[in-house]
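The values are calculated or read from the model by the stated rules, or taken from the named source; none is laboratory data. As the structure is a computational prediction, the values presented were derived from the model and not from experiment. Here the Cβ positions follow ideal geometry from the backbone for every residue, glycine too, while neighbour counts run over all protein chains shown.
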Amino acid sequence: DAGVIQSPRHEVTEMGQEVTLRCKPISGHDYLFWYRQTMMRGLELLIYFNNNVPIDDSGMPEDRFSAKMPNASFSTLKIQPSEPRDSAVYFCASSPSTGQFSNQPQHFGDGTRLSIL
Amino acid sequence: AQSVTQLDSHVSVSEGTPVLLRCNYSSSYSPSLFWYVQHPNKGLQLLLKYTSAATLVKGINGFEAEFKKSETSFHLTKPSAHMSDAAEYFCVVSDENYKLSFGAGTTVTVRA
């Protein structure tokens, strides 16, 4: 039973470059979430989708960040141009929705560790 | 608005002794509460969840948590710590819009 799959696991790039992070949610899950984890700010929700539609992007830091979900099995988080302060671990999570959907736990991928030099 | 406060940033226990991780929450909604564990270089793994059924919730790996509405608490316990329990633990509350609020985390160290 495959979990949430993220790629790459590690990314090191120079500032100003475009960075694309990828996520494959668990099959059948209706919700997909992107989080960022840093020592200073902990875990922050960036954006989440329901049935491929962005529902809340209020956590996206600025216009340099964008996220897409072209189909139910794939999502990307893009940073362009990247800056050193974007260095963090980025997690993707997915969840099913049934009835009282807030009861359903989220399943996390292993994350992408991003370093911007 | 909702929030979570984990009362201890770091807990150190000896192997075989009980573990207690404390969590208080604030929510204007009847909350769903979760405990997640994160091992180094890994994602978050669900330990257990409370969803307004039984107030004592049993999870994986011998962990359990008790929901106390009067105290707005959801403390996590395990009777006997194992070396493999060394990790970071997050108390999490979910609102009606499916958004999670995370505590700052508690790092657990287990001494041999």
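Summary table
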quantity	calculated
Test for A:PRO84: is it surrounded by fewer than 20 Cβ atoms within 10 Å (Cβ to Cβ), touching a Leu at 6+ places or on another chain (Cβ under 8 Å) and touching a residue at least 40 places away in the same chain (Cβ under 8 Å)	yes
Residue satisfying condition, being in contact with a strand residue (DSSP E or B) (Cβ under 7 Å, 6 or more places away or on another chain) and in contact (Cβ under 8 Å) with a residue 60 or more places away in the chain, within set B:LYS78, B:LYS99	B:LYS78
Residue check, A:LEU77 crowded, with 20+ Cβ neighbours inside 10 Å, more than 10 Å from chain B (Cβ to nearest Cβ), of a type outside the set (Gly, Ala, Ser) and over 19 Å from B:LEU46 (Cα atoms)	yes
A:GLU44 among the acidic types (Asp, Glu), in contact with a Lys or Arg (Cβ under 9 Å, 6 or more places away or on another chain), at pLDDT 95 or above and surrounded by 13 or more Cβ atoms within 10 Å (Cβ to Cβ)	no
Residue list for segment A:8-25, filter: more than 11 Å from A:LEU77 (Cα to Cα) and of a type outside the set (A, V, I, L, M, F, W, C)	A:PRO8, A:ARG9, A:HIS10, A:GLU11, A:THR13, A:GLU14, A:GLY16, A:GLN17, A:LYS24, A:PRO25
Residue check, A:GLN6 under 23 Å from B:SER3 (Cβ atoms), of a type in the set (S, T, N, Q) and under 12 Å from the mean Cα position of the chain (by Cα)	no
Qualifying residue in segment A:46-61 (condition: within 14 Å of chain B (Cβ to nearest Cβ), of a type outside the set (A, V, I, L, M, F, W, C) and more than 14 Å from the chain's Cα centre (by Cα))	yes
